[in-house]
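Working notes, beginning with the structure itself.
Please treat every number below as a calculation from the coordinates, not as lab data. As the structure is a prediction and not an experimental result, all values here were calculated from the model. A quick note on method: Cβ atoms are made from the backbone with ideal geometry, for glycine too, and the neighbour counts reach across all protein chains shown.
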Amino acid sequence: MIGASVIQIFSNSPRTWKAASIALGGFEGFGDAIDAAGSGVQRVVSHVSYLVNIASPDPELYERSVRVLRETLNFCGTIGVTGAVLHLGSHRGVGLDARLGAIRDAIDDALAASQSVKLLLENSAGAGDSVGSSLSDLARIIGSVQQTHRIGVCLDTQHLFAAGCDFRAATATAARRIAGELPEGSVQAVHLNDSKVVSGSHLDRHENLGAGAIGVDALAALICEDPLAKADVILETPGDGDGPRREDVDLAKRMVGLT
């Protein structure tokens, strides 16, 4: 136990198409298992497999992605996980306009498979032809779906920085830009990460808090600004190689408490 009150899980392997879901050790729901462990965790979100690419123009890859996304949201609803984070994938050079309808249809299909799970679209660092490095593109996608009340954004600080938003010297300005480009209330989770790479590199390279190019002060200032201040904060830092450590969680808690 590392003192986290919000955690992110994978309901199946993040790097395979296999739909086998995690076992709950005899518990009917994930919440029951968490309570029994006495961990202090209050909220749980899932992350959809990294292989899913609902922006792909390849028919086979698109259909497999739609299936896995649907199954993930359905299983999350079954075990009581209320949100799932999604990388939208790559349009492979054809452009968002050409794939917007397909992305919308995939999301509508997945949301119909669950009565309550929210889908949180994660911004990308912008490598290759990935969708979502532009916050306005995320807003377009959110505005296109049927159940807009069940879709939001998971804002990754490292991806934001790598995509070209260098917020170190002007966090309030960056926060206003985020609020202006995204629908009100849509930022529901934050992936709090420092960056191994410089702003504008378009590379997805997470670093431990305070050990990267962004720094603790800028990260703390940004996540304490609206619209990030009310979102769940989740670490995706490397730690010592196995993910976040207690010291990382403790530091994040202190950062959230800054004004």
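Would you please classify the overall shape of the range 205-256 from the alpha carbon gyration tensor, given that a ≥ b ≥ c denote the square roots of the eigenvalues, rounded means a/c under 1.5, and beyond that prolate means a/b larger than b/c while oblate covers the rest? Prolate, since a/c reaches 1.5 and a/b exceeds b/c. Lys-Lys pairs in the chain that are eight or more residues apart or on separate chains and whose Cα atoms lie under 29 Å of each other come to 6. Our helix-only sum for the chain, with -39,500 (n - 2.57) per DSSP H run of n ≥ 4 divided by its residues, gives a mean residue ellipticity at 222 nm of -11000 deg cm²/dmol. The distance separating the Cα centre of the range 159-235 from that of the range 56-102 comes to 24 Å. Using the Cβ of Ala231 as centre and a radius below 14 Å, the other residues enclosed give a net charge of -3, where K and R count +1 and D and E count -1. The DSSP beta bridges internal to the chain are antiparallel in roughly 10% of cases.
Residues within the reach of a label modelled at Asp97 (point 7 angstrom out along Cα to beta-carbon, backbone nitrogen below 16 Å), restricted to the range 111-153, are 137, 140-141.
A Förster distance of 30 Å, applied to the separation of the beta-carbon atoms of Arg254 and Leu203, puts the FRET efficiency at 0.60.
Shape analysis of the range 113-244 places it in the prolate category; the axes a ≥ b ≥ c from the Cα gyration tensor give an a/c of at least 1.5, with a/b above b/c. For the chain, complete DSSP H runs whose alpha carbons reach 20 Å or more along their own long axis and whose mean Kyte-Doolittle score is 0.0 or higher are 96-112.
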